[in-house]
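Have a look at the structure below, then the notes.
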Amino acid sequence: MINFLKIVFSILLVFMCYKVISTSLESNLFDQWDFLGSIPWMRATLWDFYANIFIITLWMFYKEKSIILKISITILFVCLGSIATLAYVLVHLFKLKPGEGVKELLLRREV
């Protein structure tokens, strides 16, 4: 299961990096912000995104001990979204020892 998650999350990370970079080269978000902000579904999507970031950040705060690391990762989550989230989870997946599984991934706190 862990190897499957590593593969899936790695593919998603590469895909999201590609999507964000290619979209950024095609269209400037800041130039279109006023228009995008006027679309109700865009506003709902942003609220949805930040609700998810809040939940993921609470989990990360449980796992990590260092306040500096907690603040830094929170900033990355907010600024990079799923790219930062996927990278964070992948780091923890690759830290797992042989025989450890999803339970350790989700519940073990960092030392």
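Just a yes or no: is a residue in segment 57-65 surrounded by 14 or more Cβ atoms within 10 Å (Cβ to Cβ), on the phi > 0 side of the Ramachandran plot and of a type outside the set (A, V, I, L, M, F, W, C)? No - not one qualifying residue is present in segment 57-65. Can you find a residue that is touching a residue at least 24 places away in the same chain (Cβ under 8 Å) and of a type in the set (D, E, K, R) anywhere in segment 31-51? No - not one qualifying residue is present in segment 31-51.
Table: residues versus (1) modelled with pLDDT of 95 or more; (2) surrounded by 10 or more Cβ atoms within 10 Å (Cβ to Cβ); (3) out of contact with any Gly (no Cβ under 9 Å at 6 or more places or on another chain); (4) of a type in the set (S, T, N, Q).
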| residue | (1), (2), (3), (4) |
| --- | --- |
| Phe9 | yes, yes, yes, no |
| Leu13 | yes, yes, yes, no |
| Met16 | yes, yes, no, no |
| Lys19 | yes, yes, yes, no |
| Glu26 | no, no, yes, no |
| Asp31 | no, no, yes, no |
| Asp34 | no, no, yes, no |
| Gly37 | no, yes, yes, no |
| Met42 | no, yes, yes, no |
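Within the set of pairs 6+ apart or on separate chains, which have a first residue in segment 89-105 that is under 11 Å from Phe9 (Cβ atoms) and aromatic (Phe, Trp, Tyr), a second that is at pLDDT 90 or above and surrounded by 10 or more Cβ atoms within 10 Å (Cβ to Cβ), and C-beta atoms under 9 Å apart? The qualifying pairs are Phe94/Lys6.
Just one of the listed residues (Leu90, Leu96, Leu105, Leu76) is at pLDDT 95 or above, out of contact with any strand residue (DSSP E or B) (no Cβ under 9 Å at 6 or more places or on another chain) and within 17 Å of Ile7 (Cβ to Cβ), namely Leu90.
The values are calculated or read from the model by the stated rules, or taken from the named source; none is laboratory data. A quick note: this is a predicted structure, and the numbers were derived from the prediction, not measured. Cβ: placed from backbone, ideal geometry, glycine included. Neighbour counts: every protein chain shown.
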